[in-house]
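Notes to accompany the following structure.
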Amino acid sequence: MFDAHAHLESVPEVGTGWIVPGVDLDSAPLAARLAQDPRVEAGIGLHPWYVPPVADLPAQLELLEQAIEARRPCAIGETGLDRTWRAKPRKREQRAAFEAQIAIARRLELPLIIHCVRAHGACLERLADFPHGGMVHDFGGPMEMLGPWVEAGFYLSISTRNLGLESVVAAIPSERLLIETDDAGPERLPEVAAAVAAARGVSVEEIAAITESNARRLFSC
Ligand SMILES: [Zn+2]
């Protein structure tokens, strides 16, 4: 099974592939080290929770861009917008960081790993005409945003947190479906696959096969 979004500390023994997202500059070296394993691909990005104060943002974005140029990740991210309490005070910085990372992804023709909480409209607004697609990780709705994300060329990824949302899980088009463990631990991927299979009325093997081929197509791996 292919885990489309896993915050790994080491490479698990069982599994066919993992996308390890970046969350800030400090996380990039570990992700790069993990990606020496041919089954692992790394992203590099600045997660909305970790955007610095506005005064430090230009310097951080420059370092981020240098790391991306040097390491050529499979995707840019995690990036996006988060309007929950944890990230709220940095609204302006989040927007600037997101826009800068979209520009880098455009220039390097890379997909995006999107972290989006209560900001789907605002994220999509900035992604109009973005040609390289990406994934919305940990997608738990709202249902009415599913169509716009698909239309914009994005894949939707189900994590352990979304397993009860059966109508959302069932509504994602097969060719855009991904599964992930995020920070829950990579050993939980079979549980995610089983719940997704049950919600969609198909076999676990089928979910494993389509989500792996989707991830390999999106991340060119
Ligand atoms: Zn994550």
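The values are calculated or read from the model by the stated rules, or taken from the named source; none is laboratory data. Bear in mind that the values here come from a model prediction, so they are computed numbers and not experimental data. For neighbour counting, all protein chains shown are included, and Cβ atoms are generated from backbone atoms with ideal geometry for every residue, glycine included.
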Which listed residue, of A103, A152, A193, is out of contact with any Pro (no Cβ under 9 Å at 6 or more places or on another chain), in contact (Cβ under 8 Å) with a residue 40 or more places away in the chain and away from the ligand (no atom under 16 Å from the Cβ): A193
If the requirement is being of a type in the set (D, E), over 16 Å from the mean Cα position of the chain (by Cα) and closer than 23 Å to V192 by Cα, which of these qualifies: E78, E144? E144
Out of everything in the stretch 22-34 that is within 13 Å of the ligand (Cβ to nearest atom) and over 16 Å from F219 (Cα atoms), what residue ends up being nearest to the chain's Cα centre (by Cα)? V23
Look through L146, L178 and report the one residue that is out of contact with any strand residue (DSSP E or B) (no Cβ under 6 Å at 6 or more places or on another chain) and either touching a residue at least 60 places away in the same chain (Cβ under 8 Å) or on the phi < 0 side of the Ramachandran plot (or both). L146
Could you check how many residues of the stretch 35-63 are more than 14 Å from the ligand (Cβ to nearest atom) and within 20 Å of M1 (Cβ to Cβ)? 6
Please go through the stretch 48-76 and pick out each residue that is in contact (Cβ under 8 Å) with a residue 60 or more places away in the chain and within 14 Å of A28 (Cα to Cα). C74, A75
Does P186 satisfy being within 16 Å of the ligand (Cβ to nearest atom), over 11 Å from the mean Cα position of the chain (by Cα) and not hydroxyl-bearing (S, T, Y)? yes
From the list G201, G185, which residue is over 18 Å from P21 (Cβ atoms) and either out of contact with any Phe, Trp or Tyr (no Cβ under 8 Å at 6 or more places or on another chain) or at pLDDT 95 or above (or both)? G201
